[in-house]
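Participant: This is the structure, below, for whatever I ask next.
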Amino acid sequence: MSVNTNRSDYAAAIRAAVNTRWLGQSFHYFNSVTSTNDVLATLAQNGAPAGTMVITDYQSQGKGRLGRRWLAPQGTSLLFSLLFRPLWPPEKAAWLTMIAGLAVVKAVETLYELTPRLKWPNDLLLPSRDQWLKFGGMLLEAQMTEERLDASILGIGINVNVRPGQLPRSSYPATSLLQESGQQMERPVLLNEVLAALEGGYEAARLGYPPLKAWQDKLVTLGQAVSIVQVGRRLPLTGIAVDTDNMGRLIVREESGREHVVAAGDVTFQVDNSGE
Ligand code: BT5
């Protein structure tokens, strides 16, 4: 399979590859952009419909959570954001991240001989020898209207054809699909697999099939000894990640037996690799 490097061809290849019913059918392509999440937020404010996608070949200010950066060399990665307007109660916001994580796992399993997994709350991991490495991440930014989830912007970054020397030095060790599989991939082909799986998962959730069980099955975090850094708490919480609740919050049991329900935070595995 040849890899598309001509950037104007990239938009045309996306148009040709995406065969979903509605998700990503209307898309805005940019050779370069600040952050696809930020551009889509502006479009959403101006009334863009659910399903709209912003996709780029390069971000100058790609965002992670909590003001962190997402770094991806030009021409190597999938960098896109999708607009949903689910009108779910706010506590269901994590469902979008669950559905998206499951969609990436399914797409990668379909196209590669790899076994991707999820790390709570928003990381995409691949096994590499005896450790887990991060090959992608998700960033959900949701707005409320009358206590309902309105414009919900789901950003996804996937290290596709990133060569080992191009990977960012990050707090959690990074990898790419190319590095783990040796296989170059046409990015639009992978994009279409992700969008198709995400569209199916989202529609199933709307029909009342929660993504929770399938998501828990792919979560490497459960059963692990973890250390969790939370905003506003000086000391990390350490314990065993025993379960999640229905809304995807992590339940951590301290050595004393006391349990904590954690809505957001950064997890480091204590016995597994931390990369730190
Ligand atoms: C995430 O944040 O993992 C969410 C990443 C979402 C990126 C997409 S790209 C399209 C859309 N538009 C945006 O502007 N963002 C979304 P977090 O868990 O905070 O992880 C960020 C951390 O991951 C950074 O501080 C780095 O340590 C590390 N990192 C940065 N770039 C990476 C990469 N390409 N691969 C692996 N790790 C990376």
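The values are calculated or read from the model by the stated rules, or taken from the named source; none is laboratory data. What you are looking at is a predicted structure, and each value in this text was computed from that prediction instead of being measured. Positions of Cβ are backbone-derived with ideal geometry, glycine not excepted, and every protein chain shown enters the neighbour counts.
Participant: Quick one: which residue in L102, L154 is under 10 Å from the mean Cα position of the chain (by Cα), surrounded by fewer than 21 Cβ atoms within 10 Å (Cβ to Cβ) and either of a type in the set (A, V, I, L, M, F, W, C) or in a loop (DSSP other than H, G, I, E, B) (or both)?
Facilitator: On inspection, the qualifying residue turns out to be L102.
Participant: From the residues in region 62-76 that are closer than 21 Å to Y172 by Cα and more than 7 Å from the ligand (Cβ to nearest atom), which one is modelled with the lowest pLDDT?
Facilitator: Among those residues, the one meeting the criterion is G67.
Participant: Here is a list: A44, A12. Which entry is more than 9 Å from the ligand (Cβ to nearest atom) and in contact (Cβ under 8 Å) with a residue 60 or more places away in the chain?
Facilitator: A44
Participant: Quickly run through region 119-138 and pick out the residues that are under 21 Å from N192 (Cβ atoms) and not small (G, A, S).
Facilitator: L124, L126, F135, M138
Participant: Considering only region 117-132, state which residues are touching a residue at least 60 places away in the same chain (Cβ under 8 Å) and either of a type in the set (D, E) or in contact with a helix residue (DSSP H, G or I) (Cβ under 8 Å, 6 or more places away or on another chain) (or both).
Facilitator: Matches in region 117-132: R117, L118, P121, D130.
Participant: Taking region 32-60 as the region of interest, how many residues are within 11 Å of L79 (Cα to Cα) and surrounded by fewer than 17 Cβ atoms within 10 Å (Cβ to Cβ)?
Facilitator: Looking only at that region, the number is 1.
Participant: Do any residues in region 255-268 that are without any contact (Cβ under 8 Å) to a residue 24 or more places away in the chain have Cβ atoms under 9 Å from those of residues that are part of a loop (DSSP other than H, G, I, E, B) and not aliphatic (A, V, I, L, M), where the two are at least six apart or on different chains, and which pairs are they?
Facilitator: H260/E254; V261/D245; V261/R249; A263/P121; A263/Q230; A263/G248; A263/R249
Participant: Still on this structure: Given the criterion more than 8 Å from the ligand (Cβ to nearest atom), surrounded by 19 or more Cβ atoms within 10 Å (Cβ to Cβ) and among the hydrophobic types (A, V, I, L, M, F, W, C), identify the matching residue among L139, L111, L118, L79.
Facilitator: L118
Participant: Within region 233-252, can you find the residues that are over 27 Å from L96 (Cβ atoms) and basic (K, R)?
Facilitator: R234
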